[in-house]
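The values are calculated or read from the model by the stated rules, or taken from the named source; none is laboratory data. Just so it is clear, the model here is predicted, and its values are computed rather than measured. When we count neighbours, we look across all protein chains shown, and the Cβ atoms used for this are built from the backbone with ideal geometry, even at glycine.
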Amino acid sequence: MSTTVGIRPASEAIEARGRRVVGLGTLMAILLVAGAVSLAVGTRALSPVEVWHGLFTVPGSDQRLTEITLIMQTVRVPRTVLAIVAGLALGVSGALIQGYTRNPIADTGLLGVNSGASFAVVTVILLFGLANPYQYVWFAFLGAAVAGVIVFGLASLGRGAGSPLTLALAGQGIAVFLTAMTTAVALTDQASLNALRFWNAGSVAGVGFDVIWPVVTFIVVGLVLALTTLPTINLLNLGDDVARGLGVNITLSRTVGIVAITLLAGATTAACGPIAFLGLMVAHVARYLTGPDYRWLVPCAGLLGAVVLLVCDIVGRVVTRPGELQAGVVVALVGAPFFAALVWRGKFKTV
């Protein structure tokens, strides 16, 4: 009898691990299919043969093939790569911030990252007249990083230092302040207002590899830091006292986590503009699929984020053809009802 009882939990754990591995493999397959569709769909639809030629053909004397090659290599490949990388980063950062704050409706905007990037963009356009995304993407990243550091610094002061509630309040205060300052600057300068209006929509279009590769570097560093924190997030969700009793350095763990979130969300926001609700949505879906273990939840949220952002970008190209609807707008159209349902469900449970 005792042998049966002892074996059952082990077999259940193996079965759960198998389901999670299959789930991650399925998401990767869906991502590959979505990537292929992204390369083919646009103002000009391309056949699989044309996509293949466009990827591997060098521009030459054939005008038709040259046009296809330019479309593929300068527009659709960078756009697809950025959608995958940005979605991955936002999914991971959304799961991380919910884990660290123990707040089920937390998003990367909670740290003031989006607001910091927006304020930096309009400020440098006003002061230096920058117009190219490659010129102000660095300032956007710097603004996002500085906002994250300020929020974390304020949350570390006084009573309740480092607690999830203090972090949320500090982030909300800084976000509101920076949003007001951004509006004030934009209203005084037409160029800043025009740039902010386009950038705030959240788009993966029009960005070349000259912007993508440096952004990818920061995202890779953020992902590495995120992976190192996954075991401790599980312990932190048991409560600070329990985690401390199990030997977790809470301050160090939260610091590494905030740095990872800032790198992931800051770099993505700098390249694409603020994309709301994505991290919030995929973190909840990943939790439903994998359970509360962050060692599985975070990778699942990253893959889901990449899939969702890529699919939303494809939908944006199709529904308003020959025009386009920015991916951030499509994500918001899906995410806003999701958020409302999440809040309603939470209120319903408390009644």
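The single condition among (1) part of a helix (DSSP H, G or I); (2) more than 24 Å from L111 (Cα to Cα); (3) touching a residue at least 40 places away in the same chain (Cβ under 8 Å) that P322 does not meet is (1).
Tell me, which residue of the stretch 45-76 that is outside any helix (DSSP H, G or I) and at pLDDT below 85 is surrounded by the most Cβ atoms within 10 Å (Cβ to Cβ)? Talk me through it step by step, then tell me what you get.
Of all residues in the stretch 45-76, those outside any helix (DSSP H, G or I) come to 45-47, 57-62.
Next, from what is left, pick out any that are at pLDDT below 85: 57-62.
On the way: T57: 16, V58: 8, P59: 13, G60: 9, S61: 6, D62: 12.
In this case the residue turns out to be T57.
Considering the conditions (1) at pLDDT below 90; (2) surrounded by fewer than 23 Cβ atoms within 10 Å (Cβ to Cβ); (3) farther than 30 Å from A45 by Cβ, A267 is excluded by exactly one of them, (2).
Beta carbons closer than 6 Å, at least 6 apart along the sequence or on distinct chains, pair a first residue in the stretch 140-160 that is closer than 16 Å to A265 by Cβ and at pLDDT 85 or above with a second that is crowded, with 22+ Cβ neighbours inside 10 Å and among the aromatic types (F, W, Y) for G143/F119. Residues in the stretch 218-259 that are over 17 Å from A301 (Cβ atoms) and outside any helix (DSSP H, G or I): 6 in all. Scan the stretch 186-216 residue by residue and report those that are surrounded by fewer than 20 Cβ atoms within 10 Å (Cβ to Cβ), out of contact with any Pro (no Cβ under 7 Å at 6 or more places or on another chain) and in a helix (DSSP H, G or I). If the condition is that a residue be surrounded by fewer than 20 Cβ atoms within 10 Å (Cβ to Cβ), out of contact with any Pro (no Cβ under 7 Å at 6 or more places or on another chain) and in a helix (DSSP H, G or I), then L187, T188, Q190, A191, L193, N194, R197, F198, D210, W213, P214, V216 are the ones that fit. Here L126 clears all of (1) without any contact (Cβ under 8 Å) to a residue 60 or more places away in the chain; (2) surrounded by fewer than 20 Cβ atoms within 10 Å (Cβ to Cβ); (3) in contact with a helix residue (DSSP H, G or I) (Cβ under 7 Å, 6 or more places away or on another chain); (4) not basic (K, R) except the condition numbered (1).
Can you tell me which residues in the stretch 260-277 are in a loop (DSSP other than H, G, I, E, B) and either under 19 Å from V151 (Cβ atoms) or hydroxyl-bearing (S, T, Y) (or both)? Step through it out loud before you land on a result.
First pass over the stretch 260-277, keeping only residues in a loop (DSSP other than H, G, I, E, B): 273-277.
Within the stretch 260-277, P274, A276 meet the criteria.
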